[in-house]
2 protein chains.
Amino acid sequence: MLLTYDQILEQLKEKGINLSYQRLKVLDFLYKNQIHPTVEQIYLGLVKQIPTLSKTTIYNTLKILINAGLVREIPFKGRESCYDINLDPHGHFCCDSCNQIYDFQIDVNLIKSKDLEDFKIRDRDVYFKGVCSRCLSKI
Amino acid sequence: MLLTYDQILEQLKEKGINLSYQRLKVLDFLYKNQIHPTVEQIYLGLVKQIPTLSKTTIYNTLKILINAGLVREIPFKGRESCYDINLDPHGHFCCDSCNQIYDFQIDVNLIKSKDLEDFKIRDRDVYFKGVCSRCLSKI
DNA sequence: TAATATATTTGTAATCATTACAAAGTTAAA
DNA sequence: TTTAACTTTGTAATGATTACAAATATATTA
């Protein structure tokens, strides 16, 4: 379910979301830099091309993309939120040491609990913390 | 692994953590009100007994208890953090409508991913969002 | 017990990511 | 071309949390 760029554009069109130059560039950045960038990183990555760019625009664009269901926010506690255009169900791991966020494959839809039988579940987030293999091997 | 009150006190003693009157009252409140209270709720619940109580003290106490591994922070995005003295592995569900947080039974230790084989996992958090059964039935 | 050191609490101020807002700029429609 | 609708931008506000230092309480030592 990792959409191609064209599929993303198509979905936005379907939902009646206009893509201004700035919005297109933000989308582009997310698509080409699938490293869970922060608003700051997106800003720094684009401000050379768009010198007038404002962070408010990035926040605004991200909100639109999130509401359209095309981007997911990763709000690890104690750090800026990161943004993920990969909508495959998966978990996120944040390394205590290098602070990097890793995707890990897991089908969150398989997580069932009797306690939620009569609940309507909209979002399933799995956040792990610890030390990544790279940092472990450095010790 | 839901500790009794005495077991909690014992663990704190073992770890050399003093329990002042304020800290004891915060611990008490968490133990008696297992509703995932916020700092605000803890404050309002205790300020009548301890008129000089400061929120800083509550934050400070919670940090101590978290570091001692006796309390868990539940940082749902877009709302104050909640605090949970129930250390049984379980997930948390936040209702979009009534904003209440529900525990649900799930053994988070069973969530395995090949991608994390060489990672050291310290914390496993499962956060679901949606609408709870009570709010669904109100519609 | 008194004196001293240590720990804790408290209130205020600072922090910082995010949001609110309104003016300026852009694009589309009539 | 005029008007309306949308988008961007910069600044100011927000609000939970943290930093900090003075005040208070507790423990230790002589």
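The values are calculated or read from the model by the stated rules, or taken from the named source; none is laboratory data. These numbers come from a predicted model, not from an experiment. With ideal geometry, Cβ positions are generated from the backbone for all residues, glycine too; neighbour counts draw on all protein chains shown. With ligands, DNA and RNA removed, areas are computed over all heavy atoms of the protein, side chains included. Shrake-Rupley method; radii C 1.70, N 1.55, O 1.52, S 1.80 Å.
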Comparing B:D84, B:D118, B:D103, which has the greatest mean-square fluctuation in the GNM of chain B with Cα pairs linked when under 10 Å apart?
B:D118
In a GNM of chain B with a 10 Å cut-off on Cα contacts, which of B:P37, B:P89, B:P75 has the highest mean-square fluctuation?
B:P75
With springs connecting C-alpha atoms under 10 Å apart, model chain A as a Gaussian network and identify which of A:T52, A:T61, A:T38 has the largest mean-square fluctuation.
A:T52
Suppose we look only past 15 Å in the calculated P(r) of region B:90-138. What percent of the Cα-Cα pairs does that tail hold?
54
Every other copy gets compared here: list the nm distances from the B:K55 label point (7 Å along Cα to Cβ) to its counterparts, shortest first, one decimal.
2.2
Kindly sort B:R134, B:R72 by accessible area of their heavy atoms, largest first, with the probe set to 1.4 Å.
B:R134, B:R72
Compactness of the protein assembly as shown - radius of gyration and Dmax, Cα, Å
21.3, 62
Please return the longest range in chain A lying between exposed loop sites, taking GluC sites (Glu not before Pro), DSSP loop only, at most 14 other beta-carbon atoms within 10 Å, and leaving the sites out.
A:1-79
Closest-to-axis residue of chain A (Cβ criterion, axis taking A to B), whole Å:
A:V126, 3
Can you give the mean number of other chain Cβ atoms that lie within 10 Å of the Cβ atoms in peptide A:91-98?
3
Rounded if a/c is under 1.5, else prolate if a/b beats b/c, else oblate: with a ≥ b ≥ c from the C-alpha gyration tensor eigenvalues square-rooted, which is region B:5-84?
oblate
Taking the label point as lying 7 angstrom from Cα along the Cα-to-Cβ axis, what are the distances from B:G78 to the corresponding position in the remaining copies, in ascending order and in nanometres?
2.5
Enter the per residue convex hull volume of chain B, computed from alpha-carbon coordinates, in Å³ rounded to the nearest integer.
145
Scoring region B:90-138 by relative contact order with C-alpha pairs under 8 Å, at least six apart, yields a percentage of 49
Over region B:1-74, what is the relative contact order in percent, taking alpha-carbon pairs closer than 8 angstrom and at least six residues apart?
29
Only helical DSSP H runs with n ≥ 4 go in: add -39500 (n - 2.57) per run for chain B, normalise by residue count and round the 222 nm mean residue ellipticity to 500 deg cm²/dmol.
-10500 deg cm²/dmol
Restricting to Cα pairs below 8 Å that are 6+ residues apart, what does the relative contact order work out to for region B:40-100? Please round to a whole percent.
18
Cβ-vector label at 7 Å, B:E10, separations to other copies in nm:
6.3
Any lysines with Cα under 18 Å of the B:K15 Cα? List them, leaving off those in the same chain fewer than 8 positions away.
B:K63
Test assert for region B:117-139: residues whose accessible surface shrinks by at least 30 Å² between chain alone and all chains, 1.4 Å probe, equal B:D118, B:F119, B:K120, B:R122, B:D123, B:D125, B:Y127, B:F128, B:K129, B:V131, B:S133, B:L136
Using a Cα-Cα cut-off of under 20 Å, which lysines could be cross-linked to B:K48, ignoring same-chain neighbours fewer than 8 residues away?
B:K25, B:K32
List the trypsin sites (Lys or Arg not before Pro) within region B:2-40 that DSSP assigns to loop and that have no more than 12 neighbouring Cβ atoms inside 10 Å.
B:K15
